[in-house]
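Colleague: Let me begin by handing over the structure; questions about it come next.
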Amino acid sequence: MNLKDKINNDLKDAMKSGDKLRLETVRSIRALILEFEKSGSGKEFTDEEGLRILTVAAKKRKESIEQYKNAGRTDLSDKEEAELKIIEEYLPKQLTAEEILAEVKKIADEVGAKTKEDFPKVMPLAAKSLKGKADGKVIREILEKLLSGN
């Protein structure tokens, strides 16, 4: 079953179960997919495009959570966190910092990166390799620490 079918089935299940938060979140994901399909870009929806859309949606939720917490709005941050958990069900399992470090080290060794000047050689490869499995900001931080010798 592809991602689009899974989301459509989950939408039906959420309607039947009466879980309003899940229904609202899955509807928003489905709306993003429909928006992509009707964008006129000529691209066909694939699971890879779906992964990209879900990653962006998760990133937006994380940013909202941070802003709501800074504003003292725990009610809104709790809702965003619940939505984020639902979105993450569709994403591949996120790697731990140790797993990211191991992968980044491997890539750095392959290209012979040792200093901060080598960052542009490693970051695109690391981002491509870990796409969907780790947040780009986390990859960047780990790579910067690695190349600075910390």
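Colleague: Would you please calculate the Kirkwood hydrodynamic radius of region 97-148 over all C-alpha pairs and express it in Å, rounded to one decimal?
Modeller: The Cα-based Kirkwood calculation yields 10.5 Å.
Colleague: Just flag the GluC sites (Glu not before Pro) in region 17-88 sitting in loop per DSSP whose Cβ has no more than 10 other Cβ atoms within 10 Å.
Modeller: GLU44
Colleague: Quick check on the chain: what does the Kirkwood estimate of hydrodynamic radius come out to from the alpha carbon pairs, in Å?
Modeller: Every distinct Cα pair counted, the radius reaches 17.3 Å.
Colleague: Also, I was wondering about something else. What's the local net charge at GLU44, with K and R +1, D and E -1, over the other residues with C-beta under 13 Å away?
Modeller: -1
Colleague: Further question on the same structure: Which residue, LEU51, LEU34, LEU11, tops the fluctuation ranking in a GNM of the chain built on C-alpha contacts under 10 Å?
Modeller: Largest GNM mean-square fluctuation: LEU34.
Colleague: Further, regarding this structure: Hey, rough spin-label estimate for LYS145 and PHE36, points 7 angstrom out along Cα→Cβ, what's it come to in nanometres?
Modeller: A separation of 3.1 nm, rounded to one decimal place.
Colleague: Of all trypsin sites (Lys or Arg not before Pro) in region 38-145, which ones are in loop regions per DSSP and have a Cβ with at most 12 other Cβ atoms within 10 Å?
Modeller: LYS38, LYS43, LYS93, LYS114
Colleague: What per residue convex hull volume, in Å³, do the alpha-carbon atoms of region 3-88 yield?
Modeller: 86 Å³
A short reminder: the numbers here are calculations on the coordinates, not readings from a lab. The model shown is predicted, which means the values in this text are computed figures rather than measured ones. Reconstructed Cβ throughout: ideal geometry from the backbone, glycine too, with neighbour counts over all protein chains shown.
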